[in-house]
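Engineer: My questions will all concern the structure given below.
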Amino acid sequence: SVPLQRLESKSVCPYCGTGCGVIIEHNGQQITGVRGDPDHPANYGQLCSKGSTLHLSCHGSDRASEPLRRDRTSSDWTALTWNEALTQMADSWAEIIHRQGPQAVALYVSGQLPTEDYYVANKLAKGFIGTNHIDTNSRLCMASAVTGYKLSLGMDSVPCAYEDLEETDCLFIVGANVAYAHPILFRRIEAAKLRRPELKIIVADPRRTPTASIADIFLPLKPGTDVALFHGMLHILIWDNHIDREYIAAHTEGWDELKARVQNYTPQRAAEICQISEAELRAAAQAFGAAPSVLSLWCQGLNQSSHGTDKNSSLINLHLATGQIGRPGAGPFSLTGQPNAMGGRETGGMPALLPGHREVANPEHRSEMTALWGVSNLHPQPGYTAVPLFQAVDRGEIESIWISCTNPVLSMPDQQQVQRALNRARLVVLQDSYLGTETADYCDLLLPAASWGEREALVTNSERRISHLRKAVPAPGEARPDWMIYRDFAFALGEALDQLQHPLPDHRDSSWHDRAQRLFDFPDSASIFREYQRCTQGRDLDISGLDFALLDSQGPQQWPFPSGAKSGKKRLYSDGVFSTPSGRARFHAPEFQGVAEEIDARYPLRLTTGRLRDQWHSMSRTGKVAALFASDEEAFLEIYPEDAQRLKLQNEDLARVISRRGHNVLRVRIQHNLQPGLVFAPMHFGRRFAPAALCNQLTLPAIDPVSGEPEFKHTAVRIEPA
Ligand code: SF4
């Protein structure tokens, strides 16, 4: 026998958007340990509880290792070869496309997919099949940050760097429990506060989360009132002469409309809407206005809202009005939830986007991409975003959906509709590394994907930093990288479309087979990266100067990194020139609007959902690690003491939580950290861990009209003892 070796490979943690560098310890066959990468600028060797137990989550009997087919009338799976699986799927999709057109099929992908996968999936949908119905579970977490940045700054470009956490004089954390969702960034914040106690920290959140423990000013605002908070703060900043008139005049537009709008948000009115004291509001505005540099951090608290775009642009208004952008320690910094939500945005992995921050609806962008891809045209209409996508499946308008690396039966709002949609679809394909997810119960075909450490990959973290992840060990059985499955499916679909004599869209190729071979000539990850790079040339995220060798020798780099550059760009907009047609940033002046589903006599409590420190998404990985259940063993419901007393609930009791769409049974935790009338449930637990506690059976399908992001942060519920 060959002696097992002790080997190491550089990688990045596959959980949150912090993107911590990880060194994988392995023996060439199995991952045996992990430690933080001391050279990675996101974490300098530190890992949180999830990252440091990654090795315990990799191998297990629930790994998908061969293609499987199931007849929906039985629960038995039949193993297939790759050729059989892809041919069967291609025959089905070709028949649907031939009969109903390409808009009758859809892909639903994931912010956990690496950049190469996103790029190939997007090219397959938009460039080959001709449908823009490809959305991602990133829709559920940062779509409103994308639309907020685009509205205000002209491009979806996070202007800041993690170093700003150490350099800032004032941190404004709003709608983000950084301590739980981005633990290593929180450690950096704690260290900065320890080093410089004068660093002012403002935290605004309906719950007094662990993040609020380091706040100098805590604003326990009513859920959904962020726009009123930001307008109220701006009103005070104007009155106290804390705005930067020169910056506004030189670099922005729309100031007069915004000024007129916020005139009505007097401190008294804004405080009333937010249900905080006027003194608290004034203290926050004063701290923001007086600080030489201000950095705002936000996450799902702003994004997961039926007015998430308004909330994002109103927060960015504060930075533009005070000139707090494009310099050290300053700027509006959206934290991405997932490890490659940024890479997905960059490669155009959303229904309204094309690679290189281009837009489907923009004729010039389409024309650039038709030239780059070598196709004659691209569909001009954006496809469906996640919630309307599943609704279209439910209506029968989309007949087949291909889900990759995500678990919508747990993570989408209004579960009943998602489950109905999947039951109705003619063919549900799930591409995943795991067998036992809630979504696997609804699929006809399961395609096994290689997972973290089992393939080469590229990801971009929250600060625009691209890392190159090395393969450490082989994937189990027949599992393959996702991009390879998309590529091989394109080949199979080409054959199937030829058999049906489906008309080609142009005369560039003599058959669909030839077309697939030409468009998907990707022998490896590097070839995909080179093609994607060409799509970024001359764009705001130009990475034409990067290659794998440079990433390996000089470490992860921030974009842009154009050809000839020596390094990436730490901060954007330092020159005050923005990516709008006029070069000026745009103020937006939305009116405050309430939540989509207000409480009433029958549903008198506000449910908000969120993450736990030690679990990740639907727990496919973290659910395998016993130590990660030490803090929170099961799903629960946090409730304010007076509400619990009124409902005759004690700690540890079971409570039934009922919304207009469904109900859950959860164990009660009485918590002072809430406000009266507010209850909280974690989003992670599915039927494997808590059969009656799927919190998205309660949530509603209301979405932001611009970003399409659902309102997970507010549902009207009532509670009864169970
Ligand atoms: Fe992984 Fe995020 Fe923890 Fe870093 S902070 S180790 S990226 S989960």
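Engineer: Is it the case, given these coordinates, that Ser75 is surrounded by 14 or more Cβ atoms within 10 Å (Cβ to Cβ), more than 16 Å from the ligand (Cβ to nearest atom), polar (S, T, N, Q) and in the same structural domain as Ala496 (by TED's automatic domain parsing)?
Structural biologist: No: the conditions fail for Ser75.
Engineer: Out of Arg63, Arg69, I need the residue that is under 20 Å from Gly436 (Cβ atoms) and either in contact with a helix residue (DSSP H, G or I) (Cβ under 9 Å, 6 or more places away or on another chain) or within 16 Å of the ligand (Cβ to nearest atom) (or both). Which one?
Structural biologist: Details: Arg63 fails: either in contact with a helix residue (DSSP H, G or I) (Cβ under 9 Å, 6 or more places away or on another chain) or within 16 Å of the ligand (Cβ to nearest atom) (or both).
Step by step, each of Arg63, Arg69 is checked, and only Arg69 is under 20 Å from Gly436 (Cβ atoms) and either in contact with a helix residue (DSSP H, G or I) (Cβ under 9 Å, 6 or more places away or on another chain) or within 16 Å of the ligand (Cβ to nearest atom) (or both).
Engineer: Residues that are in contact with an Asp or Glu (Cβ under 7 Å, 6 or more places away or on another chain) and crowded, with 21+ Cβ neighbours inside 10 Å: does the range 360-371 have at least one?
Structural biologist: Scanning the range 360-371 turns up no residue that is in contact with an Asp or Glu (Cβ under 7 Å, 6 or more places away or on another chain) and crowded, with 21+ Cβ neighbours inside 10 Å.
Engineer: Additional query: In the range 126-155, which residues are under 19 Å from Gly576 (Cβ atoms) and of a type outside the set (Ser, Thr, Tyr)? Spell out how you get there, then give the answer.
Structural biologist: Narrowing the range 126-155 to residues under 19 Å from Gly576 (Cβ atoms): 149-155.
Within the range 126-155, Lys150, Leu151, Leu153, Gly154, Met155 qualify.
Engineer: Quick one: which residue in Ile248, Ile273, Ile243 is in the same structural domain as Val203 (by TED's automatic domain parsing), at pLDDT 95 or above, of a type in the set (Val, Ile, Thr) and farther than 27 Å from Glu166 by Cα? Walk me through how you get there before you give the answer.
Structural biologist: Values: Ile248 fails: farther than 27 Å from Glu166 by Cα; Ile243 fails: farther than 27 Å from Glu166 by Cα.
Testing whether each residue is in the same structural domain as Val203 (by TED's automatic domain parsing), at pLDDT 95 or above, of a type in the set (Val, Ile, Thr) and farther than 27 Å from Glu166 by Cα leaves just Ile273.
Engineer: OK, next. Looking only at the range 218-242, which residues are surrounded by fewer than 20 Cβ atoms within 10 Å (Cβ to Cβ) and aliphatic (A, V, I, L, M)?
Structural biologist: The answer is Ile238, and nothing else.
Engineer: Do we have any residue at all in the range 623-632 that's acidic (Asp, Glu) and either within 16 Å of the ligand (Cβ to nearest atom) or in contact with a strand residue (DSSP E or B) (Cβ under 6 Å, 6 or more places away or on another chain) (or both)?
Structural biologist: Kept after step one, since they are acidic (Asp, Glu), are these residues of the range 623-632: 632.
With the extra rule that they be either within 16 Å of the ligand (Cβ to nearest atom) or in contact with a strand residue (DSSP E or B) (Cβ under 6 Å, 6 or more places away or on another chain) (or both), the set shrinks to 632.
Taking every residue of the range 623-632 in turn, at least one turns out to be acidic (Asp, Glu) and either within 16 Å of the ligand (Cβ to nearest atom) or in contact with a strand residue (DSSP E or B) (Cβ under 6 Å, 6 or more places away or on another chain) (or both).
Engineer: When you go through Ala191, Ala176, Ala145 one by one, which is the residue that is modelled with pLDDT of 95 or more, within 17 Å of the chain's Cα centre (by Cα) and within 16 Å of the ligand (Cβ to nearest atom)?
Structural biologist: On the way: Ala191 fails: within 17 Å of the chain's Cα centre (by Cα); Ala145 fails: within 16 Å of the ligand (Cβ to nearest atom).
The match here is Ala176.
Engineer: Going by the conditions given, is Glu438 of a type in the set (Asp, Glu) and either at pLDDT below 95 or more than 16 Å from the ligand (Cβ to nearest atom) (or both)?
Structural biologist: Values: of a type in the set (Asp, Glu): yes; either at pLDDT below 95 or more than 16 Å from the ligand (Cβ to nearest atom) (or both): yes.
Considered against the rule, which asks whether it is of a type in the set (Asp, Glu) and either at pLDDT below 95 or more than 16 Å from the ligand (Cβ to nearest atom) (or both), Glu438 comes out as yes.
Engineer: Further question: Considering each residue of the range 520-548, count those that are of a type in the set (A, V, I, L, M) and surrounded by fewer than 22 Cβ atoms within 10 Å (Cβ to Cβ), and give that number. Talk me through it step by step, then tell me what you get.
Structural biologist: Within the range 520-548, the first condition is being of a type in the set (A, V, I, L, M), and the residues that meet it are 526, 528, 541, 543, 546.
Going one step further and asking which of them are surrounded by fewer than 22 Cβ atoms within 10 Å (Cβ to Cβ), we end up with 526.
Summing the residues that are of a type in the set (A, V, I, L, M) and surrounded by fewer than 22 Cβ atoms within 10 Å (Cβ to Cβ) in the range 520-548 gives 1.
Engineer: Looking at the range 354-366, which of its residues are out of contact with any Cys (no Cβ under 6 Å at 6 or more places or on another chain) and in contact (Cβ under 8 Å) with a residue 40 or more places away in the chain? Lay out the reasoning, then the answer.
Structural biologist: Here is the first cut: in the range 354-366, the ones out of contact with any Cys (no Cβ under 6 Å at 6 or more places or on another chain) are 354, 357-366.
Selection gives Leu354, His357, Arg358, Val360.
Engineer: Pick from Ala716, Ala655, Ala693: which is closer than 23 Å to Ala204 by Cα, touching a residue at least 40 places away in the same chain (Cβ under 8 Å) and not polar (S, T, N, Q)? Give the steps one after another, and end with the answer.
Structural biologist: Numbers: Ala655 fails: closer than 23 Å to Ala204 by Cα; Ala693 fails: closer than 23 Å to Ala204 by Cα.
Going through Ala716, Ala655, Ala693 in turn, the sole match is Ala716.
Engineer: Within the range 383-409, restricting attention to residues that are in a helix (DSSP H, G or I) and hydrophobic (A, V, I, L, M, F, W, C), which residue is nearest to Met683 (Cα to Cα)?
Structural biologist: First, the residues of the range 383-409 that are in a helix (DSSP H, G or I): 386-395, 408-409.
Keeping just the survivors that are hydrophobic (A, V, I, L, M, F, W, C) gives 386-387, 389-390, 392-393, 409.
Working: Ala386: 18, Val387: 17, Leu389: 21, Phe390: 20, Ala392: 25, Val393: 24, Val409: 12 Å.
Only one residue fits best here, namely Val409.
Engineer: Got a sec? Which of Ala421, Ala425, Ala392 is buried (at least 23 other Cβ atoms within 10 Å of the Cβ) and either over 13 Å from Leu140 (Cβ atoms) or in contact with a Cys (Cβ under 7 Å, 6 or more places away or on another chain) (or both)?
Structural biologist: Working: Ala425 fails: buried (at least 23 other Cβ atoms within 10 Å of the Cβ); Ala392 fails: buried (at least 23 other Cβ atoms within 10 Å of the Cβ).
Sole residue among the options that is buried (at least 23 other Cβ atoms within 10 Å of the Cβ) and either over 13 Å from Leu140 (Cβ atoms) or in contact with a Cys (Cβ under 7 Å, 6 or more places away or on another chain) (or both): Ala421.
Engineer: A further question follows. Which residue is farthest from Pro556 (Cα to Cα), if the candidates are limited to the range 1-57 and must be near the ligand (Cβ under 10 Å from one of its atoms) and without any contact (Cβ under 8 Å) to a residue 40 or more places away in the chain? Walk me through how you get there before you give the answer.
Structural biologist: Filtering the range 1-57 down to residues near the ligand (Cβ under 10 Å from one of its atoms) leaves 12-22, 34, 36, 40, 42-43, 46-54.
After this cut, where a residue has to be without any contact (Cβ under 8 Å) to a residue 40 or more places away in the chain as well, the list is 22, 34, 36, 52.
Working: Val22: 12, Val34: 19, Gly36: 15, Ser52: 20 Å.
Across the range 1-57, the extreme among qualifying residues is Ser52.
Engineer: Continuing with the same structure: Filter the range 443-493 down to the residues that are within 16 Å of the ligand (Cβ to nearest atom) and part of a loop (DSSP other than H, G, I, E, B), then identify the one that is farthest from Thr81 (Cα to Cα).
Structural biologist: Among residues in the range 443-493 that are within 16 Å of the ligand (Cβ to nearest atom) and part of a loop (DSSP other than H, G, I, E, B), the one farthest from Thr81 (Cα to Cα) is Glu463.
Engineer: Go through (1) surrounded by 24 or more Cβ atoms within 10 Å (Cβ to Cβ); (2) touching a Ser or Thr at 6+ places or on another chain (Cβ under 7 Å); (3) under 25 Å from Glu116 (Cβ atoms) and name the single condition Leu378 misses.
Structural biologist: (1)
The values are calculated or read from the model by the stated rules, or taken from the named source; none is laboratory data. Here the structure is a predicted model, which means the values were calculated and not measured. Backbone-built Cβ (ideal geometry, glycine too); neighbour counts: all protein chains shown.
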